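Each remark here refers to the structure printed beneath this line.
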Amino acid sequence: MEIVKLFNAMPGAVAQGMIWGLMAIGLYITYRILEVSDLTVDGSIATGGAVAAMLIINGWDVWAALLAAFVVGMLAGLVTGLFHTFCGIPAILSGILTQLALYSVNLRIMGNKANVALSVNKYGLLVTSRNSRVLGLQNPIVILVLFTAALILVLYWFFGTELGCSLRATGANRAMARAQGINTSTNTVLGLMLSNGIVALSGALLAQFQGFADVGMGRGAIVIGLAAVIIGEVVFGKIFRNFGLKLLAVALGAILYYLVIQVVLWLGLNTNDLKLLTALVVAVFLATPHWRAKYFSKKKGGA
Amino acid sequence: MLKINHIAKTFNPGTITEKTALVDVQLHLLPGDFTTVIGGNGAGKSTMLNAVAGVFPVDKGTIEIGGVDVTNLPEFKRAQYLGRVFQDPMTGTAATMNIEENMALAMRRGQHRGLKWGISNMEREMYREQLRKLDLGLEDRMASKVGLLSGGQRQALTLLMATLRTPKLLLLDEHTAALDPKTAAKVLELSDKIIREQKLTALMITHNMQDAIDYGNRLIMMHEGRVVVDVAGEEKKKLTRADLMGLFEKAAGQQLNSDKLLLS
């Protein structure tokens, strides 16, 4: 248990946390703004990775590959959205269906292989774990900070527009939204598309960072995303009130999550038990509001 | 202004929970008609209002608002013609958004929502003026989340939002039923004032017979999915509760249980 090992692993953990932070911001759009639990993300993050990896291997510019991943992710969200609104399937099931379908789609994208190597030696990648401890602009943390800032700014702008406000109203109160002339079905689809586009984008970055795209890279993504959202809210909820800062809290939540993971691994936790631990921690946090209301509530006048 | 032509609605047809809520409803409202709606539990009052609002499609008949046939329009498209206030104060506003954002949403009812900023400074001033008229101090709390307001404040705000963009028809669905008597009276007064000032056509469901008599220029009573009593003008002005019960008994052919009517 050398402390040096832990310190050496930290920059990589921060970078990885930032990539998952982008993913968690995408998840925040459905989970917190639209109030829809979208399980598509487990598939769409891998789709993003697969699309970007294949395009880069085939000589595409890395930025064009990222854009393509974003667009394909939006298509995945569109499918879930149509399952939910047009076909009337419950949101959670719609996401599961798309996620399952994406498993086959992702294998197809990767030429029927379960994983595709994306070596930084051969291709010009935007982020790579190899540069995690390099002091300089090629350090993935630098580019990821810019990515996160840009994403938060764009979303802050979007959710302040008339359209963005109508999306927030859709999540807050669907009956009210419809009474104010808002097409809640279209907005739900739009939110799912935007969310999965961002998730796929983070998948595209993740594939570059880890040096491969894998059909299983999204397993449990929703739980990691939720962990980031919840940690962000618990730690920064009291001080971050502004919408932009709330998104920042989500990004920071993901970084904290990966730092904690790094510490427990360093303390000797078996890597295989990681998902079990994550699921339990998230379950406890999700249960807390219920427990608080049920066992610790003080009588309060409801408005 | 509103033409309901022989609409019918049965929920869950062919199942064990089948319920015929509207048998045959016929109602025409003239511009400026402020009509109060009373009737017992399950008479079809709310169902009629929701049918007009487009919450569900009707089985038969047509609905016209201001000369436009809206029978096949989805709820969100009909919204451009309608202002709505609901029984539950939670329903009419978005709790997690602040007062001015809620008003900005209402201001864009029936308008295209694009990528322009969701609220302008000019609007803000207008909202402040409107809120001041409510005399609830909300003009100083425009950045507060609506979830922090009391039920009465939320209903007053919902009323304001429903009439911010003058609707062709205002639908009030027992909008004071969930409030304490004092607040209910205040919200009712406010509704009456707004309807008079803007010369609105309105349909107001109430469980209170006296309110139904005191407010509006026309009164209808529903029973088992039909409109069974319809009084207007001078006749309504002279109406008493006893008259109303007599009219009901004649129409429905049975003794009126006034408790049932009041409690519904």
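The values are calculated or read from the model by the stated rules, or taken from the named source; none is laboratory data. Remember, it's a predicted structure, so these values are computed and weren't measured experimentally. All Cβ positions, glycine included, derive from the backbone under ideal geometry; neighbour counts span all protein chains shown. These accessible areas exclude ligands, DNA and RNA; they are computed on the full protein's heavy atoms, side chains included. Shrake-Rupley method; radii C 1.70, N 1.55, O 1.52, S 1.80 Å.
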Net charge of Cβ neighbours under 14 Å - reference A:Val264; Lys, Arg +1; Asp, Glu -1: +1
By accessible area with a 1.4 Å probe, ligands and nucleic acids excluded, highest first: order of A:Met193, B:Met161, B:Met90: B:Met90, A:Met193, B:Met161
In the protein assembly as shown, carbon and sulfur make up what percent of the accessible area (probe 1.4 Å)? 59 percent
What whole-number distance in Å separates the alpha-carbon centres of the stretch B:214-247 and the stretch A:171-203? 45 Å
Taking every other residue with Cβ under 11 Å from the Cβ of A:Glu35 and scoring Lys and Arg +1, Asp and Glu -1, one gets +2
I want to verify a result. In a Gaussian network model of chain B, Cα cutoff 10 Å, which of these has the top mean-square fluctuation: B:Leu159, B:Leu136, B:Leu200? B:Leu136
Largest fluctuation, B:Pro13, B:Pro181, B:Pro89 only, Gaussian network model of chain B with Cα springs under 10 angstrom, belongs to B:Pro13
Suppose only helical runs count, i.e. DSSP H with n ≥ 4. What mean residue ellipticity at 222 nm does that imply for chain A under -39500 (n - 2.57) per run, divided by all residues and rounded to the nearest 500 deg cm²/dmol? -24000 deg cm²/dmol
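Report, as an integer, the average count of C-beta atoms from other chains found within 10 Å of each Cβ along A:159-167.
Details: counts 1, 6, 7, 13, 6, 4, 11, 4, 1.
That works out to 6 on average.
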Quick one: ranking A:Ile96, A:Ile56 by accessible area, 1.4 Å probe, largest first, what do you get? A:Ile96, A:Ile56
Environment charge at B:Met204 (Cβ cut-off 12 Å; Lys +1, Arg +1, Asp -1, Glu -1): -3
Taking the alpha-carbon centre of each part, the distance from the stretch B:140-175 to the stretch B:1-45 in Å is 25 Å
When A and B pair up, the total accessible heavy-atom area removed from solvent (1.4 Å probe), in Å² to nearest 100, is 2300 Å²
A:Val127's amide H: which non-local residues (gap 5+, or another chain) put their own amide H closer than 5 Å, with H modeled 1.01 Å from N in plane and none for Pro or chain starts? none
Quick one: how many Å² of A:Trp291 are accessible to a 1.4 Å probe, rounded to 10? 110 Å²
For a label point 7 Å along the Cα-to-beta-carbon line of B:Arg196, residues of the stretch B:19-39 with backbone N under 18 Å: B:32-36
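Using 0.36 nm per residue, how much length does the chain from A:Ala101 to A:Val134 gain when fully extended, once their Cα-Cα distance is taken away? Intermediate values should be presented prior to the final figure.
Working: separation 33, 0.36 × 33 = 11.88 nm, distance 3.94 nm.
Contour length minus Cα-Cα distance gives 7.9 nm.
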What list of ³J(HN,Hα) couplings, whole Hz, do you get for the stretch A:19-33 from phi and the Karplus terms 6.51, -1.76, 1.60, once you set θ to phi - 60° and write x for glycine and proline? 5, 5, x, 4, 4, 5, 5, x, 5, 4, 4, 7, 5, 9, 7
Unsatisfied cross-links (Cα-Cα over 32 Å) in the set B:Lys60/B:Lys133; B:Lys145/B:Lys182; B:Lys3/B:Lys237: B:Lys60/B:Lys133
Residue of B:Ser150, B:Ser191, B:Ser120 that the Gaussian network model of chain B assigns the largest fluctuation, springs spanning Cα pairs under 10 Å: B:Ser120
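Sorting B:Asp214, B:Asp140, B:Asp192 by accessible area (1.4 Å probe), largest first, what list results? Spell out each step's value before the answer.
Numbers: B:Asp214 95, B:Asp140 125, B:Asp192 20 Å².
Final ranking, largest accessible area leading: B:Asp140, B:Asp214, B:Asp192.
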